[in-house]
Structure formats: C-alpha cells, structure tokens
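See below for the structure under consideration.
Nothing in this text is a laboratory measurement; each read-out follows from the coordinates by a stated rule. Because the structure is predicted, anything quoted here is derived from the model rather than measured. Methodologically, a virtual Cβ is constructed for each residue, glycine included, from the backbone with ideal geometry; neighbour enumeration extends over all protein chains shown.
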C-alpha cells in the first residue's frame, strides 16, 4: 500500500472507572491534547484532509462525531474534516485502515486517524444497539457477553486456569518492564488539566507485584451473569459437545477497563517527498475476518492467516505481533492455532495489564508495534484485534527506519 | 344474548357476562361483538359515568374460544388481523375515555379473559375466589394476542410480564394482587367498585402513560439487561423449537418502543402470523381441541352414567399415595391398603402435605382434617368391600401383583372394577389372577400423579366396554385426560419412551459423546436427554425389564444393542441411576448433576454428527409409534398425539408424533429407510 506512518502517539491509559486519573478529562479533551501535541511535532497535520476516529460508545460526549468535535476544540483549520467509525474493539485500527485506503487510492495525501474511549465517563452498553437486545438477532444467534465467549473458548479448548493466568502475569511483568525502561516514553503524551498540571503520564493499571498465586485466587467474573442471564445454556446449543460452560476468566486475566486515546499521522509517498516527512513505517495491508458471533473472539487467526497469505508472508516472517489481550483465552488460542513463539507476542505487555480503551486500542497497539520494530530494528509487525459480532481486524506494517 | 347491560340510577353501567351456550364464559365472536357494542355505548353516552364489568357465572372468563382459533383460513392471516384490530379499536376507545372502568374477577381469568380485564382502570378480585389467573397461550403454540403482550408489561413491569407470558405461570388471586395485576381484593366487590368509580370520576389508563412506557424500552437502562438476557433465558428452555416464543419476545421488544395504538398493530401482525403457521394449528388441535374431546370422553366405548363414591388403592407407596390423594381431592372416599402400618403412616403424611401445599397455593379450600375424614387406612382387605373400583399400585413384580390381585378379588363385591397400575406387564396376563376378568383393566397413572395429566387405560383381552367406560369416568372425575390403549408390552407410552432411551444408550455404546447425546434429546424438544431419563427410571430396573422381555419374547427378540452398556453400568460398576446417587450422571450433594467422567470408556474416534444424533432420537420414537399404529395397539391420531405430549413430554412443538409423521409425508418413509440402511432395521417401518 502506498501509505506511510509518519507518527503515532497516545495518551497514557487511565483506569476506566471513577477514581481513574483520566476520569475528569473529557473524551474530547483527550483527543484535543493529542491533536495539539502532534501539531507541535508534525506541523503538516493541519493540511490533513480528514481525521477518522474509532469510538465504540459514540453517545453523550462521545456522540455526534467526536472527531470533528475534537478538531474544532483543538482549533484545527475548518478544512480538516472529521468522521467517527465503529467496529467495536478494532475501531482504532479500522480508522487507520480506512485512512490508509484513502491515501493509497489517491483520494488523499495526508490523513489523521486513531481512536478514543473514556470508559469511565461513557460506560459500556451506553449506546444500546440491536445486536445486544433485538430477539431476531440475539435469540437466533445467541449473542452473549464477551466474557462468556472467552470462557467458551477456554472450555472448548480445555485450557487450564494456570496457563490463562500465566498470560496475565506475563502481561503485567512485560508492561512494568517496558514502563520502567522508558519504552513508551516517545509515544505517551501526558494528559493535563486546565491548569496544565499533569494528571497522568504512564499506564496506571499495571501491577508489577502481580503473582500467579494472587491471580489464581480471583473469582470468575462471568459465572453469575452466565447462569442468571441464560447465556451459558444458550451458547451450549451451538456447541453441544460441551456438557457445560466452565468459568475461567476473572478480573485478573481479562482486559481492564481504561480511558485513553491514540492518534496516527499518515502520508502518501508523494507527500513524504514533497513535504520532507520521515516515515517510521509503511502499511503493507489489512484484512478483516468474521465467524460465529457466539464464540466471537477467535477470528484474529483467520484475519491474520488471510492477510499473510495475500502478502506472501509466513507467520515466521513476522518479528513483532501485537494481539489485543481482550481475554487470556484469546491470546492462548492465537498462540496455539497460529503456532507462534509466545515471546514474539505482546512484547511490552497488553490490555490485561494496561487496559483496553475500546475504540482507542487499535491505534495504541499499532503505535506500540511501530515503536517495537524501531527499538529492535526489525522488519515486519502484525497487529490484530478480535471484536464483538465475531469479527476481527489485522494489519501488517514494515519498519522504514530499519538499518 | 350472552351479556346484560344495565345503567343504574347513579349513572354507573353494569356489564354482566353470561354466555348462554357454555358453562363458563368464553370469548367467541358473539360475546366479543356484544362487549364491544357496550364499550362503545359507555364511551358515547354522556349519561354513563363509569362501567363495571363482571361475570354472571362462578368464574370470570376462561379465555378465547379456541375452536375459533382452530378453524381459521390459513391462507389469509390478514383477515384474522382485521378482527383483532376491531377489538383493539373498541378497547382502546374505552381506555382513552376518561370514564372509570372497573372489572370484577370472581375466579378463573385466563388468556383473552385476562386481556379483556386489562383494559379496565381497576381490577377487583372477589375475596375467597379460587381459580387461576394467567396466560396459558405459550403452551398452546401462541402468545397473548389480544393486547396482553402489549398491556401486561405496561401494567406490571417487564420482569413480571415475562414470567406470566413465557412461563405460562398461573397465579392465584393473592399472587395476582401482590404483583399489581389485581388492585384490590374485596368481599363486597360491587360496592367497592361503585365507590371507586364515584371517587375517581375522571381517570387516565396506565397503558397510556408514555413516560412510564419509555422505561420499558429495550434501550432504557432499566430494561436493557432484561432484554439482553430474555432471549437466552427463553432459548435455554426452547432450543428454538417454538416460533411463538420468539414472536412473543419480538412483539414485546418492538411494542415497548411504541405508543399503545401502533403497538397493538405490531402485536396483531406477529400474532396473526404465528396463529396461521401449520405447526401452531397442529398444537392447538392436539392440546386444545383433541384434548378437550378426550376429557369429555368422546372415545368412550359406551355411554355410562356412573357416580363413584369410594375407590380402593392397594399399596401405599409413592404411587399409591399419589393416586389416593388425587381421588380424595376430587371428592371421593378412599380406602388405602398396605400390609405395613409404617407405610400407611408415611402415606398419610404425604397426602396431608400435598393438601397443605394445594391450600397454600389457593388450589383448594378443603381443610386437611376434612380431607383425611374421607380416607380409610388399613392393612385389612375388608376395607375394600364397599369400593366401586380398586386399583393396585404395588411393586412391579409379577408374583407380588398376583398375590395382591388375588386378595383384592376375594374381598371386593362382584361388580367392583379391578385395575392394575402396571406400566409394563401385559394386562391380559394379569387378568388371569382375578375372577371374571371382563371387569379387569389397566389404569396406568404417571408419576407424580397430581402433576401429570395423562392416564393410559389398557384393554385386556377380556375387558368389557362397561369396565373401560367406568375407568374413563373415573379419569374424568380425577380431572385427568385418558387414552385407551390395546394390550402389549409397554402399551403405548412406555414402549416409545424405551425406544428413546435405548437409542441414546446405543449411541453411547457406539462411541458418541454423552454430552452430545443429552443435548440432542433436548434439542429435538424432549424434556430431558435419554441418559438423564434412564437414570431417573433406574438402570437396574431397565436391565430387569430387558431381561424379562428377552425371556418372554424368546426367538422373537431383536437385540436392542444396549445390553453391554446396561451390564457395564449395573453389574460392573453398580451404578443404578439417581436413586443410587450415580448412574450415567454423578449427583453431588451440592450443585447440579454431571455426566460421569468414566463414560469416556465408550468414546470412539467416530464422526460426531449432532444432527444425526438428533434424527436418530426423534425417528426412533416415530418409527415405534408407527409400529404401534400398524399393530393396532393405538390408532386414533388424537390419542396418539395427546398421549405422547401429556405422557412423556414428546416434542410439544410438533403437535404430537402422529401430527409430525403426517406433516413429514413421504419424507417419513424416505428418512426411515435411509436411517435403516445406515443404522439397522429398528428404523424400518414394518407394515
């Protein structure tokens, strides 16, 4: 694809609940601060034709096109358009893919794209939506909460709690290590209040003191809703080989609620040359995939396989993999079925440790992949996320700074 | 005229519903039209200050006349919809009119009767009234379609409405009052009603309260999770076999987002669509029209006018006690005989407990002490001397039955009917143990008797029409639905149930996953999987019956393929089923039963095709039914369908096995031939 990543920045991820350090910052303000910062680092962003923002709960302050709202708040020129999109958890990556497509097809030279979500201010399920409650969908297709799907994956694959919690432990250890060594420092933009005081400058959900014992003692999170809401029984009607659903996922091995935003500046090859922009990476391609919405979270494998095949790459060619840690079973499933070395996945930790601000995560982990490739001087990065509705998204990038 | 309409001096109109051609009020087209005319009169006559609706019978309204719903033009659902819209127009006009309307309910208020009541501003229950209040539609292939699905959530909230509509839960007056369906219980309802009308000269109907309605919307935070879960809670019970349940939920989902009038229109669309499905018509035919005919003993071999006063029950175990309780609660005197006094004491306690429970649920007004006055407990067969019918319910063993039947025959009068409650032993063979076998009959009650509606009457070779007709009258008196079945091993229901169990166990032996087998049973619409059911019946019993059958059949025996599974379970592992806390399942003291992990012993690397397992479990039963028909044991479609659904919960969505075979048409033979080729001759229909 003729599309280059010039810069990728993000907010720190705040705990996505009241008391989280970003709870008092509006979603628009998070995006505004990123827009202002990137303008200071990349003055040409004001010439971007459009800014596409992924957001999963686009209601209330996140509603009615938060992209344009933030552009106006950041006093960008009127000429910069804004658009908000939603493909659940991959929205941030989809926004970038869509922007990349505009550039690659010659419709645009410069684009901004990213995602935002304040889960503490606009909680999950705020946007209603037929897919969760309209019987013609939910009764026929057994749409269940994500946590039930994660437990279904673990049940069907006979995962044990220890190996799932090991994923969580690794996530915290790696994220703590990365934070300590400053791996994120070029990309994290501290968020400030109206007085300019820093509210947060690091991912605050990481628990460096996490232990396997501690994780093993946590109670399952989705048992009550699985039983009382009928979800456990109804998903077995699609997977009747399973006698019953077992409950593995806890607050410790599921992604944490978070507030945050991510923003990427994209340019065509021609724009790079005329404006003298130094690209960090190139987008090679992207791919969606979808399967049964009840098991919901296993499609990254399909998206990645299809994309790698199309790009004529093998999984072994990929140096850095960022797979969103929606739940530990999602990661374990991917590792097993893609047959990849766990040490190449989520090298700096993931959403279990740092949190998953729904619409933003795709943009954030793409930025992490770019940084990792540069830091390690490696070539290919693969980014993928599972989403509600059984969908998934994957993107492959190539390091342009590789020596 | 099925109603009277009087305007009293105080300006209050009184509408008395009193159907001339039915013992209870049912809403047929005539009564509906009359009622709507009266409503129109109330709305348009300025002299009328308010309306009281009540019944001239001992209950309110038993529902819509289902023979009306069972005789519709399948090609034209829109015709039925226009009838519904006419009803809605009249009812909404009354609701929108500020004149107060009170409905007095004095007993049974079901289906369309309850829907009619819901358009009143206030519902007053008559103190002491018995009878059920609720929506039975869901179990008849339908859902409340005369405004009930729209109004009920608006009046009593989503949670309560879903329970009423989807579980078909029947309430007594007190329960209806507690959830706000009934607003007041009064011992002088007419005075209370008038007083309320005079105190509230101008009222607004709660169903018109749009602010309240908005809180019911699936997109209101209060209701969002209820809707998210409702699909699954309903699906976990229905396995998507019931289009009416799905349509009902869709109706509620859509109508909680609309004002009353457009909401009623949406309900009318979905209801008319569901009513006009052939499968719905089959369910209505079996569970209403045919069942009613059987309840009225249309299949009795002769007209007989006989009044039972006293019956005898021999064997005071669980079954005997249940039969005695059932007879007592129908007003009969009962002599309960057992040779163990301790067993008689236990029976007395059990019978008392059952009556206390019925009292608590408002199902009876008879005090337990009065109840027990009609019960004679004795270890002496002399107590049977004045009984008109005696039924033995002793242990299922030929020699025990022989001794007991001999004793009964010695002690009863010569015209007393003697019955056996056996579920397996051929009646003709038992008839030999009594003198004049023409008065001997099989009366197969189902356990637990007070819940199970079906009774299987078995003709012995010599049983005469008078005996059968008398037994049928007894069933009617006990408010049971009887079917009349020819003699033969397992009669009708037991034989089909065994075919289901055997196919399940056989597939286990072939290497299919037990979880798949169990889920497949539920997926086709059976109440439980075959292995669960086998555990309930007890595996040693199944093994004994099987060995008895092999002995009796001799060279006619066809291997059922379950010998090795049963022996492995019973003989090798001493796992007898639920009664021994372990069979195909483990039954932990805490928590739900779980499949016994050692069943993996049977697992083989075969293709685990869920659909194939489902087909085998369903078609094995259908083939067995066809054999029963072809052997002349039971040929009447109505009794086949009603018996299967009421007796062992056979796939109610189908309207019964005969209805299903009929609707499969040519495909039935094609499919059974295919299955026979692949899995053996037990799937082949023998002419």
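To the nearest ten degrees, helix A:161-180 and the longest principal axis of the Cα atoms of chain A are 20 degrees apart.
I'd like the mean, over residues of B:234-244, of how many other protein chain beta carbons sit within 10 Å of each residue's own Cβ.
Details: counts 4, 11, 10, 3, 3, 4, 5, 0, 0, 0, 0.
Averaged over the peptide's residues, the number is 4.
Put the Cα centre of segment B:398-458 next to the Cα centre of segment A:1-28 and the gap is 80 Å. Build a GNM of chain A with springs between Cα atoms under 10 Å apart, and of A:147, A:115, A:54 the one that fluctuates most is A:147. Counting other Cβ atoms within 10 Å as a rough exposure proxy, the listed residues A:171, B:82, A:187, B:420 run B:82, A:187, A:171, B:420 from fewest neighbours to most. What is the helix-to-structure angle for A:27-41, meaning the angle in degrees between its Cα long axis and the longest Cα principal axis of chain A, kept from 0 to 90 and rounded to the nearest 10? Orientation of helix A:27-41: about 40 degrees from the principal axis.
With respect to chain B, whose longest principal axis is taken over its alpha-carbon atoms, helix B:189-199 is tilted by about 30°.
Extending 7 Å from Cα along the Cβ direction at residue A:292 and again at residue B:1 yields two label points whose distance is 6.5 nm. A protection proxy built from the mean count of other Cβ atoms within 10 Å ranks the segments B:635-643, A:80-88, A:25-33, most packed first, as A:25-33, B:635-643, A:80-88. Using 0.36 nm per residue and subtracting the Cα-Cα separation, the extra length available between residue B:370 and residue B:670 on full extension is 102.0 nm. In this label model, residue A:197 and residue A:317 are separated by 5.2 nm, measuring between points 7 Å along each Cα→Cβ vector.
State whether segment B:316-406 is rounded, prolate or oblate according to the following rule on the C-alpha gyration tensor (a ≥ b ≥ c being the square roots of its eigenvalues): a/c under 1.5 gives rounded; otherwise a/b larger than b/c gives prolate, and the remaining case gives oblate. Prolate shape, in that a/c is at least 1.5 and a/b is the bigger ratio.
For the peptide B:591-598, the mean number of other protein chain Cβ atoms found within 10 angstrom of a residue's Cβ is 1.
Given axes a ≥ b ≥ c from the Cα gyration tensor, I'd like to know whether segment B:1-84 is rounded (a/c under 1.5), prolate (a/b larger than b/c) or oblate. List each step's numbers first, then the result.
Working: a/c = 3.57, a/b = 1.62, b/c = 2.20.
In terms of gyration-tensor shape, oblate.
The simple Förster model, with R0 at 60 Å and r as the Cβ-Cβ distance, assigns residue B:415 and residue A:251 a FRET efficiency of 0.20. Taking every alpha-carbon pair under 8 Å whose residues sit at least 6 apart, segment B:3-276 reaches a relative contact order of 19 percent.
With the cut-off at 1.5 for a/c, could you classify segment B:613-652 from its C-alpha gyration tensor as rounded, prolate or oblate?
oblate
Given R₀ = 41 Å, what would the calculated FRET efficiency be for residue B:360 paired with residue B:339, taking r from the Cβ atoms and rounding to 0.05? So the FRET efficiency works out to roughly 0.80. Just checking the listed ones, A:300, A:220, A:43: in the Gaussian network model of chain A with Cα springs under 10 Å, the one fluctuating most is A:43.
Take every DSSP beta bridge with both residues inside segment B:60-202 and express the antiparallel ones as a percent of the total, to the nearest 5.
On the way: 1 of 11 bridges.
Within segment B:60-202, antiparallel bridges account for around 10 percent of the total.
Taking the average, over residues, of other Cβ atoms within 10 Å as the packing measure, peptides A:345-353, B:363-371, B:438-446, B:469-477 rank A:345-353, B:438-446, B:469-477, B:363-371 from highest down. So in segment B:3-276, what percent of DSSP beta bridges are antiparallel if you round to the nearest 5? Percent antiparallel among DSSP bridges in segment B:3-276 is about 25.
Partner shielding of A:240-249 amounts to 4, given as the average count of beta-carbon atoms from other chains within 10 Å of each residue beta-carbon. Taking the Cα centroid of segment B:537-585 and of segment B:303-322, what is the distance between the two, rounded to the nearest whole Å? For segment B:537-585 versus segment B:303-322, the Cα centre distance is 32 Å. Paramagnetic label reach from residue B:261 (point 7 Å along Cα→Cβ; backbone nitrogen cut-off under 12 Å): within segment B:116-141, no residues. Contact order, relative form, for segment B:310-485: 20 percent (alpha carbon pairs under 8 Å, 6 or more residues apart, mean separation divided by residue count). With the biggest extent put first, the Cα atoms of the protein assembly as shown measure 114, 84, 54 Å across the principal axes. With the highest mean first, a sort of the peptides A:286-295, B:349-358, B:96-105 on other beta-carbon atoms found within 10 angstrom per residue produces B:96-105, A:286-295, B:349-358. Computing FRET efficiency as 1/(1 + (r/R0)^6) for residue A:59 and residue B:461, where r is the C-beta to C-beta distance and R0 is 56 Å, gives about 0.15.
With both residues required to sit in the protein assembly as shown, DSSP beta bridges show an antiparallel share near 45%. Summary of the geometry: segment A:119-162 and segment A:225-292, compared by the centres of their Cα atoms, lie 13 Å apart. Across chain A, the relative contact order, built from alpha-carbon pairs under 8 Å that are at least six residues apart, equals 27 percent.
Modelled label positions at residue B:550 and residue B:37, each set 7 Å beyond Cα in the direction of Cβ, lie 7.3 nm from each other. Multiplying the residue separation of residue B:200 and residue B:603 by 0.36 nm and removing their Cα-Cα distance gives an extension gain of 137.9 nm.
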